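To start, the structure itself, in structure tokens.
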Amino acid sequence: MKKSIQMAMVLMVVFGYSQKKKNGTIFLEHPAIEVVNGMMTAFVAGDAEKVGSYLADDFKAYNGFSTNKDDKGSTKEEFLEQVNFWKDNVAYLSSAPSEGAYPDALEYKESGVWVQTWDHIKGMHKKTGVKLDMPYHRLYKLNDDNKIKSMINYFDNDVIWEVRRSFGDRQNGTIFNHHDNINTVRKLMYAFEFKDLETFYSFYAEDARFYSLELPDGESLGLEEIKERNKKLMETYNFDSIDETGYPDYLEYDMQDAKVVQSWWKFRLTRKSDGKKIIVPALYLHDFDDEGKITRSIAYVSTKILDAK
């Protein structure tokens with residue numbers, strides 16, 4: 001039995017090695033990489049004529065995410081029009097390898113030379129102000145004359161669609177200056193002022209999350225953590241008054257069906273240790289669910305002012 005197991009393991013190893021078949025060589029430095037880099041430098045500079053000098057006459061560019069089975073790709077002439085479009089419409093354009101990345105040239109035995117790149121493009125659309133800050137991956141096929149014959153693009157198209165959407169005015173919901181969700185925010189703020197914490201917490205969903213400027217990006221607190229924090233605040237300060245500034249807005253968004261109250265406040269406090277009067281301005285965003293419970297609170301407030309002498 002032991003010999004059978006050992007023989008099986010040997011056969012597995014031999015079988016594994018027998019499946020390897022070299023299909024070419026990968027290069028860190030290669031004339032094809034120089035061609036690709038030269039083309040991209042000319043693209044960023046908006047030099048369509050120079051870009052064209054790197055492309056084969058039968059050049060085609062493809063969207064690697066396209067599911068169109070009849071996609072014939074973009075011709076050389078169409079691609080050069082894109083160079084001019086980017087020059088005319090994108091400010092601050094730059095392109096560089098993504099952090100830790102570098103291009104590879106692959107000399108395949110049967111299909112010739114390919115270059116693959118992992119880059120990051122930055123810029124701003126001049127008319128809409130949409131920021132371009134995204135990675136993109138490209139595959140380039142070169143012909144025997146070291147000209148780019150084809151290019152396959154892989155990038156997040158959401159930014160491009162945002163540019164297209166931003167050309168016209170589009171509504172994204174309704175703004176209310178009076179709404180029951182606004183009433184809820186007012187009631188919870190004044191419940192806090194009058195130290196009615198049971199009522200204050202009743203307006204929140206049990207799984208509500210709390211964010212603020214002073215928390216690391218992406219981190220939040222749960223309801224029990226907020227209760228402990230508020231307890232310490234009330235032990236240290238008297239909340240003399242919480243005053244509404246201006247008026248709240250309730251935004252009922254079409255996108256993602258979001259329901260948000262934004263409100264501005266002044267917290268008037270007295271520090272118990274020395275009687276120091278402090279005014280703390282704050283902006284709050286409260287997200288509501290369909291049942292009228294608050295699921296998320298974002299506080300734009302700096303507590304550094306509490307250290308005032």
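Just so you know, all these numbers are worked out from the coordinates, no wet-lab data involved. Remember, predicted model here, so these are calculated numbers, not experimental data. Neighbour counts run over all protein chains shown; Cβ positions are idealised from the backbone, glycine included.
If each of ILE305 and THR128 carries a label point 7 Å out from its Cα toward its Cβ, how far apart are those two points in nm?
Placing both labels 7 Å beyond Cα along the Cβ direction yields 3.7 nm.
With unit charges on the beta carbons (Lys and Arg positive, Asp and Glu negative) and the dipole taken about the Cα centre of the range 177-296, which residue among LEU285, VAL260, SER273 sits farthest to the positive side?
Value: SER273.
Using 0.36 nm per residue, how much length does the chain from ASN84 to TYR136 gain when fully extended, once their Cα-Cα distance is taken away? Walk me through the intermediate numbers first.
Details: separation 52, 0.36 × 52 = 18.72 nm, distance 1.97 nm.
Result for the pair: 16.7 nm of gain on full extension.
Find the all-direction average of the projected area of the Cα convex hull for the chain, expressing the result in square nanometres with one decimal place.
29.2 nm²
Within the set LYS227/LYS277; LYS109/LYS149; LYS76/LYS131; LYS266/LYS304; LYS50/LYS109; LYS195/LYS227, which residue pairs have Cα atoms separated by over 19 Å?
LYS227/LYS277; LYS76/LYS131; LYS50/LYS109
Along the positive direction of the dipole of the range 12-140 (beta-carbon charges: Lys, Arg +1; Asp, Glu -1; about the Cα centre), which of ALA45, LEU80, HIS30 reaches farthest?
It is HIS30, whose Cα lies furthest towards the positive end.
Report the longest stretch of the chain that contains none of the chymotrypsin sites (Phe, Trp or Tyr not before Pro) sitting in a DSSP loop with at most 16 other Cβ atoms within 10 Å.
After excluding every exposed loop site, the longest remaining stretch is 195-309.
Just to confirm the filter: which trypsin sites (Lys or Arg not before Pro) across the range 104-165 are DSSP coil and have at most 15 other Cβ within 10 angstrom of their Cβ?
LYS109, LYS126, LYS127
Between TYR190, ASN89, ILE148, whose Cα lies farthest towards the positive end of the dipole of the chain when Lys and Arg beta carbons carry +1 and Asp and Glu beta carbons carry -1, centred on the Cα centre?
Farthest towards the positive pole: ILE148.
For the range 67-145, run through the GluC sites (Glu not before Pro) and keep only the ones in DSSP coil with at most 11 other Cβ atoms within 10 Å of their Cβ.
Those satisfying the criteria are GLU99, GLU110.
From the alpha carbon gyration tensor of the range 232-309, can you work out the equivalent ellipsoid semi-axes (sqrt of 5 times each eigenvalue) and give them in Å, largest to smallest?
Computed over the range 232-309, the values are 31, 12, 10 Å.
Per residue and in Å³, how big is the convex hull formed by the alpha-carbon atoms of the range 15-95?
183 Å³
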